[in-house]
Amino acid sequence: MELLNYKQIDNEIEKLANEILKRNSDIESLAIVGIQTKGVNVAKRLSEKIKKIKDLSKEIPFGILDITLYRDDLHEAGADIPTIKDTDIPFDVNNKNIILVDDVLYTGRTIRSALDVLKDFGRPKSIQLAVLVDRGYRELPIQPDYVGLVHHTKNRICVNMGNEISDSDKVYVENENGSL
């Protein structure tokens, strides 16, 4: 079942950007960090939207976070050697208002792991969570500060989006058999 098409995704990201700007008037202290893999694409679009809305001439500090080695279920994943992706935080996180971005929030375990990784880079002024979709059913007391769409389901929610907006971008719920 399709939840969002490419235009609706763009609208939700614009809504998130406006909410973030409302709460963060000091744009100089703002930084955006996307969680690998699909949170990075959402974070890039969010960063571009904020830059466009504020008509900024310079880029907002942007980072990429891989949480693989911080996962509490790594032993259950079944892989002998986990696939490690890039972590790239090319700015000082100290005293920054970090907007941590992921595509879908479910149990909260990914976010807990991301907080552990960020802690290794320093002490931000604040960490605020932005997600494109909140699917509910939390296992940890973690809630988003900014959310595009709330759709409570135990079925997997898939986010297909590349670096550029295209007609193939969509958010959908998989059935138990793995189909739309």
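The values are calculated or read from the model by the stated rules, or taken from the named source; none is laboratory data. Quantities reported herein were computed from a predicted structural model and do not represent experimental measurements. FYI the Cβ positions are ideal-geometry reconstructions off the backbone, even for glycines, and counts take in every protein chain you see. What goes into the accessible areas is simple: the full protein's heavy atoms, side chains included, and nothing from ligands, DNA or RNA. Shrake-Rupley method; radii C 1.70, N 1.55, O 1.52, S 1.80 Å.
Numerical summary
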read-out: Cα gyration tensor shape of the chain, rounded if a/c is under 1.5, else prolate or oblate by comparing a/b with b/c; value: oblate
read-out: DSSP beta bridges in the chain [antiparallel fraction, %, rounded to 5]; value: 30 percent
read-out: Contact order relative to length of the chain, as percent, for alpha carbon pairs under 8 angstrom and 6 or more apart; value: 26 percent
read-out: Ile53 paired with Arg23, simple spin-label distance in nm, labels 7 Å along Cα-to-beta-carbon; value: 1.2 nm
read-out: Neighbourhood charge, 15 Å Cβ-Cβ cut-off, centred on Phe121 and excluding it, Lys, Arg +1 and Asp, Glu -1; value: -2
read-out: Nitroxide proxy distance, nm - points 7 Å out along Cα→Cβ at Lys119 and Thr83; value: 2.8 nm
read-out: Protein accessible area in the stretch 82-132, 1.4 Å probe - carbon and sulfur %; value: 44 percent
read-out: Subset of Lys125/Lys170; Lys58/Lys125; Lys7/Lys125; Lys119/Lys154; Lys96/Lys170; Lys7/Lys85 violating a 26 Å alpha-carbon distance limit; value: Lys125/Lys170; Lys7/Lys125; Lys119/Lys154; Lys96/Lys170; Lys7/Lys85
read-out: Additional length obtainable on full extension of the chain from Asn95 to Arg156, 0.36 nm per residue less Cα span; value: 18.4 nm
read-out: Lys, Arg +1 and Asp, Glu -1 on Cβ, resulting dipole of the chain about Cα centre, debye, nearest 20; value: 520 debye
read-out: Options Asn18, Pro90, Leu69, ranked by Cα towards positive dipole end of the stretch 2-94, top entry (Cβ charges); value: Asn18
read-out: Radius 13 Å from Cβ of Asp66, net charge of other residues (Lys, Arg +1; Asp, Glu -1); value: -2
